[in-house]
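Heads up: the structure comes next, in structure tokens.
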Amino acid sequence: MNSSKPLISVIVPVYNVEKYLPKCVDSILGQTYANLEIILVNDGSPDNCGMICDEYAQKDSRIRVIHKKNGGLSDARNAAIDVATGDYITFVDSDDCVSSDYVETLYRLVEKYQCKVGVAWLRTFHEGHEPETSQPTYLEKVFDRMEGIERMFYQELFDTAAWCKIYHRSLFDTGIRYPFGLIYEDLPTTYLLFLQSDKIAFCNRIVYNYLLRTSSIEGQPFKANKLESALKILEMIQGHIRELKPIEKAVRCRLLSFCLHILLEMPAGYPDKRKQVLIDYVKRNRWKVLADTRARKKARIGALISYLGLNTARRILNQVKERNK
């Protein structure tokens, strides 16, 4: 362990992933950046995850294990943030894995540009397959905080995901935490962390491998807590609309995409009348998104097909998914 470099806390929420956890932890232990504090949070997992975490802690002194009652992803991350001692914090989901230079790549960005947030790239891969190893031609950029948030909400170079980013500890010392009990918890959180930083450093090196699996939250049938989370998140972000006024077009684009994502996941005839809040947001903003030349193609197409009605839009989406299988 090279103590001349800052201690970096790697936070891993763990729940019902015993099949994937060893690969995840092994990828973190194999980092080229050695001065790590690895916090595994067993969020009341019903399988053998707790035991696996403890076994790893016995093998490597850098690993700390938190065993807690199940409270969800946000609660698990927050429990680790509260006890983390690193100068920087980064997150890894327990069914994903990272390249050996994941931490080093992110740390070099914040060190080089003397900023509090660093962002790199990820790739997705399907269960039963190994992630590719190819890399794009290397690119680095640095943005002021508002441009960084704008690009994030436009989903141009990166999105709001908690992982594949590194944050200076001081950003969380402001009291920012992930909202308890919500799905899509990073959407109303990451931009708040960005707002606390003067600059955002980015590179396009692919260092994070995101596993697509049917048993994930996104792969499961629609449940009421998705709508409840969406309504709360919409309210939370709109509560900061004054701070986000300079980039309102980007915010509008991201929220319309988010509302449509939730609405199109709903089965036809879903009875909860609160869905009308999301429908109204789409109706109020779809023409503006259509007219926004910077909005990504997928968002503009979504805005366009929303004019056909949700049922027709849902059928079109399902047909596209079937063709892409």
remark   = When restricted to Val17, Val25, the only residue in a helix (DSSP H, G or I) and of a type outside the set (Phe, Trp, Tyr) is Val25
message = Out of everything in segment 51-78 that is in contact (Cβ under 8 Å) with a residue 24 or more places away in the chain and more than 24 Å from the chain's Cα centre (by Cα), what residue ends up being nearest to Phe180 (Cα to Cα)?
response = Ile52
request  = Could you list, in sequence order, all residues of segment 20-54 that are polar (S, T, N, Q) and either in contact with a helix residue (DSSP H, G or I) (Cβ under 6 Å, 6 or more places away or on another chain) or at pLDDT below 95 (or both)?
outcome  = Gln31, Thr32, Asn42
task = Could you tell me which numbered condition Asp186 fails, if it satisfies all but one of (1) touching a helix residue (DSSP H, G or I) at 6+ places or on another chain (Cβ under 7 Å); (2) within 24 Å of Gly86 (Cβ to Cβ); (3) not basic (Lys, Arg)?
result = (1)
message = Out of the residues in segment 1-19 meeting the condition of being more than 20 Å from Glu185 (Cβ to Cβ) and touching a helix residue (DSSP H, G or I) at 6+ places or on another chain (Cβ under 7 Å), tell me which one is surrounded by the most Cβ atoms within 10 Å (Cβ to Cβ).
response = Ile8
query = Quick one: which of Lys165, Lys223 is more than 18 Å from Tyr281 (Cβ to Cβ) and free of Cβ contacts under 8 Å to residues at least 12 places away in the same chain?
reply = Lys223
key: Hits in segment 60-71 (condition: touching an Asp or Glu at 6+ places or on another chain (Cβ under 7 Å) and either closer than 30 Å to Gly128 by Cβ or part of a helix (DSSP H, G or I) (or both))   = Val65, Asn70
inquiry  = Going by what's in this entry, would Phe222 be described as closer than 23 Å to Thr105 by Cα and not polar (S, T, N, Q)?
reply    = no
ask   = For segment 224-240, which residues satisfy the criterion of being modelled with pLDDT under 95 and either of a type in the set (S, T, N, Q) or within 19 Å of Arg294 (Cβ to Cβ) (or both)?
value = Asn225, Gln238
Members of segment 238-271 found to be within 29 Å of Leu195 (Cα to Cα) and outside any helix (DSSP H, G or I), listed by number = Gly239, His240, Ile241, Arg242, Glu243, Leu244
task = Would you be able to say whether some residue in segment 190-209 is modelled with pLDDT under 95 and assigned by TED's automatic domain parsing to the domain that holds Gln114?
result = yes
task = Go through segment 24-44 and count every residue that is in contact with a strand residue (DSSP E or B) (Cβ under 6 Å, 6 or more places away or on another chain), buried (at least 20 other Cβ atoms within 10 Å of the Cβ) and touching a residue at least 60 places away in the same chain (Cβ under 8 Å).
result = 3
message = Looking at segment 255-269, can you tell me whether even one residue there is within 20 Å of the chain's Cα centre (by Cα) and over 22 Å from Ile183 (Cβ atoms)?
response = no
ask   = Only one residue in Ser229, Ser170 is surrounded by fewer than 21 Cβ atoms within 10 Å (Cβ to Cβ), over 16 Å from Asp159 (Cβ atoms), among the hydroxyl-bearing types (Ser, Thr, Tyr) and within 18 Å of the chain's Cα centre (by Cα). Which one?
value = Ser229
query = Considering only residues of segment 180-204 that are among the polar types (S, T, N, Q) and not in a loop (DSSP other than H, G, I, E, B), which is surrounded by the fewest Cβ atoms within 10 Å (Cβ to Cβ)?
reply = Asn204
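The values are calculated or read from the model by the stated rules, or taken from the named source; none is laboratory data. The structure presented is a predicted model; accordingly, all values stated were derived computationally and were not measured. Every residue, glycine among them, receives a Cβ derived from its backbone with ideal geometry; neighbour counts consider all protein chains shown.
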